[in-house]
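Taken together, the values in this text are just the output of simple stated rules run on the coordinates, not laboratory data. These numbers were taken from a predicted model, which means no experiment stands behind them. Methodologically, a virtual Cβ is constructed for each residue, glycine included, from the backbone with ideal geometry; neighbour enumeration extends over all protein chains shown.
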Protein chains: 2
Amino acid sequence: MAVYTEVADEELEAFLEPYGLGQLLSYKGIAEGVENSNFMLHTDKGIFFLTLYEKRVDANDLPFFLGLMDHLAAKGIACPVPLHDRDGKALSELAGRPAALISYLEGVSVKRPQPRHCAAIGRALAEFHLAGRDFKLSRANALSVSGWRPLFEASRAQADGVLAGLASDLESELTLLERDWPRDLPQGIIHADAFPDNVFFLGEKFSGIFDFYFACNDALAYDLAICLNAWCFEHDGAFNITKARALLQAYTEVRPLNADELAALPLLARGSAMRFLLTRLYDWLNRQPGALVSPKNPIEYVRRLRFHRGVTSPSGYGLDA
Amino acid sequence: MAVYTEVADEELEAFLEPYGLGQLLSYKGIAEGVENSNFMLHTDKGIFFLTLYEKRVDANDLPFFLGLMDHLAAKGIACPVPLHDRDGKALSELAGRPAALISYLEGVSVKRPQPRHCAAIGRALAEFHLAGRDFKLSRANALSVSGWRPLFEASRAQADGVLAGLASDLESELTLLERDWPRDLPQGIIHADAFPDNVFFLGEKFSGIFDFYFACNDALAYDLAICLNAWCFEHDGAFNITKARALLQAYTEVRPLNADELAALPLLARGSAMRFLLTRLYDWLNRQPGALVSPKNPIEYVRRLRFHRGVTSPSGYGLDA
């Protein structure tokens, strides 16, 4: 975690009072989340999660994020929900920061997803997309195609130091993506970061999805393309078509893809690889010695991008033509 | 926390199996402890603490630390205890590191201790000292008087950059401490780091003491002098004699101090201030930008050291002559 706010016992007890959670038994700062400071709380009433929103999160987005969790949970999506205080408020303040108490979601993230896990996230993502349809608030995707060039420009000069030829490779890929990016696909609320660390399982069973702080409005199929990158490559970089098939089939059983979405999948997957490549490249080039969370090497996303360039139809992802 | 090891779900589940704690429901890395990686685990059987010992902890010391917790708990001291696996082992291995599962101690650290908290830690420290008397293992105090000069030498050249005149002030203080340091006081197991963050309360009640990773054999009264520094100064640097009296009276009700210990208190308090001043000075001068835990400013210990120089008898700490 890049930032970390300390919270004093008295402050925390005063903050908790309007939620009626009984006596505070213990609390611990959690080494999780790059954007926020998180705490695990234990009170008479159980375990809870406390998030303090740090500078990198725009406070204007908080009603969107918290409202989305409420909305999804009301639709039956397994996810954490904000607690509301006596006056019905979900957003409060602690240690000079916007803060929210959130229900504690049990579960464990899988480090090596199997096809059954990919099927579970495929199904969950489709249900998430359906549940989000009538959510009233909206939020633009700052990390969609129009956001990539500024990110690229911030890293361009040093890109070849990471991998020879990377700058010109990204330049031509970006030009193509900007030209061909599909604009007319079905839109809705997307999670935009449904990586294995943001999904929990209990034993074999999916137990919930969380960390909605990249959620926004965008093409639903783009979210699926993000999951292809996040769930269907092995640690050695190889694409696992069995996992992709499991993911896509489970998704389409809940929300079928239309012909445009199917045709766009390879390009969406290239775009999604580009998005994570660019943020990782930036974080890699701007990493700080001694930071707790070491940035992830961007190279694995170069490989993914190149893989998707070779895919010409959805059958490359295991879907029948 | 300076170091942090990631643990994969499968590894952790395999590690947990011999402890018979049921299904793993969740685990979180804890932003706590500078020396180790810590996790909070939730299983069918409750909440547990998992510690992975990183390089800064000498693996040879682990039987001492874990054995001490077992010993103290058996004597009725409220503290975390290591869990033993099916074969009776408390020390295991995870992610290539020595690892121990430890019971979860409920409680909250007080950021602004009141006299009643000082009395509670005084009593608890005396009980700790009595309980430690027949502990069979021993461990030298690497941060006692003989360890201070090497620490000072590592910071001397830059000390005046922190505070003008600090290098010569510490040089003469150190020479005096080395010459006059009392050698014949009652010895035993000391906690050596019983700061408010290592002590828990539940409401008004003391609920336990933890973090024994500086525990060692040394003069018992030196441990009390550490607590004088740790509990009896206000955030603005002022000494609070009411808190000191509460601490010392509660301690001596359980373990009376002999005449030598009483007379040595001011010097022990100077030595204790020197010890924390030197480690903080070193960490301050060697701090890393972007590190999670920012080092504590050593200046407050310069002030404490100067305060204790002016104390000529235990009455300066609120004890009757």
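A few points about this structure:
- Going by neighbour counts of Cβ atoms within 10 Å, the residues A:109, A:168 line up, fewest first, as A:168, A:109.
- In terms of its alpha-carbon gyration tensor, region B:99-176 comes out prolate; a/c meets the 1.5 threshold, and the first ratio a/b outweighs b/c.
- Sorted from closest to farthest, the other copies place their residue B:320 label points 9.5 nm away, with each point set 7 Å from Cα along Cα→Cβ.
- Note on A:69, A:274: ascending count of other Cβ atoms within 10 Å places them as A:69, A:274, the fewest first.
- Exceedance of the 27 Å cut-off in Cα-Cα distance is limited, within the set A:55/A:296; B:45/B:205; B:55/B:136; B:28/B:89; A:55/B:296; A:111/A:136, to A:111/A:136.
- Take each residue in A:22-30, count the other chain C-beta atoms within 10 Å of its C-beta, and the mean is 6.
- Against the empirical 2.2 N^0.38 Å (N residues), region B:9-103 has a Cα radius of gyration ratio of 1.03.
- Average partner coverage of A:104-112, which counts Cβ from other chains inside 10 Å: 5
- Other residues whose C-beta falls under 12 angstrom from the C-beta of residue B:183 contribute a net charge of -4, scoring Lys and Arg +1 and Asp and Glu -1.
- Kirkwood-type radius of region A:115-317, with distances r between different C-alpha atoms, in Å: 17.4 Å
- Three principal axis extents describe the C-alpha atoms of region A:221-265; from largest down they are 33, 18, 14 Å.
- Short-range pairs are left out: with C-alpha atoms under 8 Å and at least six residues apart, the relative contact order of region A:9-103 is 26 percent.
- Bridge type composition, region B:136-290 - antiparallel percent by DSSP, nearest 5: 90 percent
- Relative exposure of B:155, A:144, judged by other C-beta atoms within 10 Å (fewest first): A:144, B:155
- Here region B:145-212 and region B:45-107 have alpha carbon centers that stand 26 Å from each other.
- Computed over chain A, the per-residue total of -39500 (n - 2.57) for DSSP H runs of n ≥ 4 gives a 222 nm mean residue ellipticity of -14000 deg cm²/dmol, rounded to 500.
- Summarising the strand pairing of chain A, around 95 percent of its internal DSSP beta bridges are antiparallel.
- Beyond 46 Å, the tail of the calculated P(r) for the protein assembly as shown holds 28 percent of the Cα pairs.
- Calculated P(r) tail over 19 Å for region B:181-237, as whole % of Cα pairs: 37 percent
- Between copies, residue A:256 shows label-point distances of 9.1 nm, shortest first, with the point placed 7 angstrom from Cα along Cα to C-beta.
- Computed on chain B, with alpha-carbon pairs under 8 angstrom and 6+ residues apart, the relative contact order is 17 percent.
- Counting only DSSP beta bridges whose two residues both lie in the protein assembly as shown, roughly 95 percent are antiparallel.
- Environment charge of residue A:115, counting only residues whose C-beta is closer than 9 Å and scoring Lys/Arg +1, Asp/Glu -1: +3
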